[in-house]
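Below is one structure, written out as structure tokens; the observations come after it.
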Amino acid sequence: MRSYSSSKKKKRSDLASHQTRWIWIATSVAALLLVGGWGLSFTPLRTYGKQLEATNGAFDGGLLYLQSDSHGPPKVVHRPRDSQGRLSLDVDQSSTLASPRIPAGCEALGMYAPPRGPWLAIDVTCEASGFVQVINVASGKAVDLDAHLSYDSTFVNWSPTGNEIILRAGNLPNSRIYLIQVNSGKYQQLPVPGNVYDIALSTDGRRMIYSLTQGLGYGSETWIADVDGQNAQRVLLEPRHIIAFARWSPSGEAIAYIRMLDSNIPFTVGELWVMGGDGQNPILLGNADAGHGYRPAWSPDGQQIAFVVRELVSDSTDIESEVASYVAGQLVSNIYLANLNNKSIISATKFNDALTETPVWSQEGDYLAFGSTAGGSGMDVWVLDTRNSQLYQVTHGMKARYPAWLSNP
């Protein structure tokens, strides 16, 4: 999510942001459901949409990323797979999938693909507000979802089906969490408190896990409940910590999350934890970066968690580390893999003096994509072939970030 960090601009709070952090500022703070079977009543949105340019709508399991050119708006670029399923590293094979319309004075802070389906969500922040734009990668049609809700909103998550998106609208402690059917535009407010900043659905869509806070210095609580709000049970009480990105494994048998100290230090060292799917028996796996909003990512088989580790350990006697605690771009980080079978942790990348961002798995688990400045020319997209541990730089000086993966047919 974006952080609670201070800025002269009104930054939206979102745990998914790469730039900001989870500290409380003014009234802004960091903040599903399957459609059938739970008796929900959805309210229709007014018809609203914009047509975007789309040159490739194939669902080939290929790689997507957001590329910012020197001139003009950013574009969603597609790198296809070949007939053997190998990812193309040839720049000539890339194509523009869509050109999102991001207003002047706004910028994209994240791009997210659902577990399945033809959608792509782009989180946009502006001077005094923000919104979420959803693109149908097959048709090129885009919708600014929250325009109908009249709220400043941030992306929170996709539902397990990929047909619904979760948005947090408004400011804590009076924000609202909405589940929106992206195809029909109908929406439903979820039955959670107004100070909830993050939420996720179980893989079967029957339960939700959500975290809430009373503000800076009050810590956080994490609850699990049925999707209708019934049978709510508090599973984590953290008076001195913030819980971020609690997410079920693909099987639903485990939950991973980041725990970080609740303080006014913007970017600090956090911890990667895992607990049972019922919220019991939490186990510390190791240190993780905290504050930048880098999400831990479950592998498709549920055996590994990819996450970002801060290489600079905060130390008041180390000037470089101290600066990295307050300046987002000074982070030195790498991607690590936690093995859930033996609880071991290994480094997937070993970059020196590079800022490396959120990893995302391909649906087959054969590739892990992420952004990094390791190439020496700003942020670029890289991929790790998990079958042979080969590392490839996909873009070179393209101002590319936020990789995502297309669904297979």
Enumerate the aspartates and glutamates that LYS141 could reach by cross-link, defined here as Cα to Cα under 20 Å, with residues fewer than 8 away along the same chain left out.
GLU53, ASP60, GLU107, ASP123, GLU164
Using packing as a proxy for protection, rank 306-312, 180-186 so that the peptide with the highest average count of other Cβ atoms within 10 Å comes first.
306-312, 180-186
Using packing as a proxy for protection, rank 165-173, 128-136, 223-231, 94-102 so that the peptide with the highest average count of other Cβ atoms within 10 Å comes first.
165-173, 128-136, 94-102, 223-231
Yeah, the stretch 215-280 with a ≥ b ≥ c from its alpha-carbon gyration tensor (a/c under 1.5 is rounded, else prolate when a/b outruns b/c, oblate otherwise) is oblate
Take each of the peptides 343-353, 202-212, average the number of other beta-carbon atoms within 10 Å over its residues, and list them starting from the highest.
202-212, 343-353
Chain lengthening between GLN330 and SER95 when straightened (0.36 nm per residue, less Cα-Cα):
81.4 nm
With the cut-off at 1.5 for a/c, could you classify the stretch 319-385 from its C-alpha gyration tensor as rounded, prolate or oblate?
oblate
The stretch 82-201, accessible surface, carbon-and-sulfur percent (1.4 angstrom probe):
45
Once you sort the root eigenvalues of the Cα gyration tensor of the stretch 176-251 as a ≥ b ≥ c, which label holds: rounded (a/c under 1.5), prolate (a/b larger than b/c) or oblate (the other case)?
prolate
Spin-label point model (7 Å from Cα, Cβ direction): what's the GLN393 to ASN341 distance in nm?
3.4
Using a 1.4 angstrom probe and counting only protein chains, how large is the accessible area of GLU322 in Å², to 10?
70
Could you tell me the distance between the Cα centroids of the stretch 182-219 and the stretch 263-307, to the nearest Å?
18
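The values are calculated or read from the model by the stated rules, or taken from the named source; none is laboratory data. Everything quoted here is computed from the prediction, not taken from an experiment. In this analysis, Cβ positions are derived from the backbone assuming ideal geometry, glycine residues included, and neighbour counts consider all displayed protein chains. Heads up: the accessible areas ignore ligands, DNA and RNA and are worked out on the full protein's heavy atoms, side chains in. Shrake-Rupley method; radii C 1.70, N 1.55, O 1.52, S 1.80 Å.
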